[in-house]
Amino acid sequence: DRNPTRGFVFVNTLLLLANIGVFLYELSLGDRLDVFIGTWGVRSPEVVALLGGDLAYLQPVLLRGTAAMFLHGGWLHLIFNMLFLWIFGDNVEDNFGSLPYLLFYLLSGYGASVAQALITPSSPVPAIGASGAISGVLAAYLLLYPRASVRAILPIPILFLFSFFVPAWLMIIVWFAGQLLNGYASLTSAAEMTGGVAYGAHVGGFLVGLVLTFLFRKPQRPPRYDTYREYYRR
């Protein structure tokens, strides 16, 4: 995106490094990885039990919910999450401030876990990934900088080398619509099309991020970025 920050973004950089570091640790586990994921992934029945009033699950759900935000199931899972966090997270932190941004990130991730648990309340599969928290970050960016320019490329082999600019609001809305449609598919007989991705968590994190942004955002300073319309006219 063409949206420079006003200074160094400490927390977003730390989140990027932490996610990459934890993934490298995952790679070192070898055959022990499945046990590690099973121990620290979020399980829907535990979240549902906590929501039902069983406070015995409060500590394990919070611990696993936090740890799971730094776990990933493969290189593509990590790369795409970190790409979106790198592009959009710095500007959100620049507006919120470092510590509020960290709190916002964690709350979006917890909200994503709750949303996924409500959609799949009996699923024994542990959920992992930063996608829910990053979805919240995208929602915040959408509200704060909708007219910023984002460089995009077409995932078509013959056109892959061509890039173009689109407004941030279009990029994020298209992304959210895709998550919403895939989340709906996971509730129908087409569930196998989702490939094991927790799209409910993506949608939940996005919606939580939208609400929280109104609580965390600061009054906008004069924008430092070229709006899509201004850039397009050059």
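Shape of region 66-138 from its Cα gyration tensor (a ≥ b ≥ c, root eigenvalues): rounded if a/c is under 1.5, otherwise prolate when a/b > b/c, or oblate?
oblate
First check a/c for region 20-130, with a ≥ b ≥ c the square roots of the eigenvalues of its C-alpha gyration tensor; if it is under 1.5, answer rounded, and if not, answer prolate when a/b is larger than b/c or oblate otherwise.
Note, shape of region 20-130 comes out oblate.
Is region 1-64 rounded, prolate or oblate when judged by the Cα gyration tensor, a ≥ b ≥ c being the square roots of its eigenvalues, rounded requiring a/c under 1.5 and prolate requiring a/b larger than b/c?
oblate
Simple spin-label model, 7 Å along Cα-to-Cβ: residue 80 to residue 18 in nm?
Result: 2.3 nm between the two label points.
Would you calculate the separation in nanometres between label points at residue 211 and residue 165, each defined as 7 Å from the Cα along the Cα-to-beta-carbon direction?
3.6
For region 84-98, in order, what is each residue's ³J(HN,Hα) by Karplus, 6.51 cos²θ - 1.76 cosθ + 1.60 with θ = phi - 60°, in whole Hz (x at glycine and Pro)?
5, 5, 5, 6, 9, x, 4, 6, 5, 4, 4, 7, 6, x, 5
Could you sort 201-209, 1-9 so that the peptide with the highest average Cβ count within 10 Å comes first and the rest follow in order?
The densest-packed peptide leads the list: 201-209, 1-9.
Tabulate in residue order the Karplus-calculated ³J(HN,Hα) for region 67-82, using 6.51 cos²θ - 1.76 cosθ + 1.60 with θ = phi - 60°, rounded to whole Hz; enter x for Gly and Pro.
Working through the residues one at a time gives 4, 4, 5, 10, 10, 9, x, x, 4, 5, 4, 5, 4, 5, 4, 5 Hz.
Please work out the Cα center distance from region 75-115 to region 1-71, rounded to the nearest Å.
12
Give me the percent of the accessible area of region 79-168 that comes from carbon and sulfur atoms, probe 1.4 Å, all protein chains in place.
78
Taking amide H atoms as placed 1.01 Å from N in the peptide plane, list the residues 5 or more away in sequence, or in a different chain, whose amide H sits under 5 Å from that of residue 70.
129
So with the 1.4 Å probe, I'd like the accessible area per residue for region 1-88, rounded to whole Å².
56
Show me, for region 53-63, the HN-Hα J-couplings you get by feeding each phi into the Karplus relation (A = 6.51, B = -1.76, C = 1.60, θ = phi - 60°), rounded to Hz, glycine and proline as x.
Values per residue, Gly and Pro as x: x, 7, 6, 4, 8, 4, 5, x, 5, 5, 5 Hz.
The values are calculated or read from the model by the stated rules, or taken from the named source; none is laboratory data. Bear in mind the structure is a predicted one, so any value in this text is a computation, not a measurement. Positions of Cβ are backbone-derived with ideal geometry, glycine not excepted, and every protein chain shown enters the neighbour counts. These area figures cover heavy atoms from the full protein model, side chains too; ligands, DNA and RNA do not enter into them. Shrake-Rupley method; radii C 1.70, N 1.55, O 1.52, S 1.80 Å.
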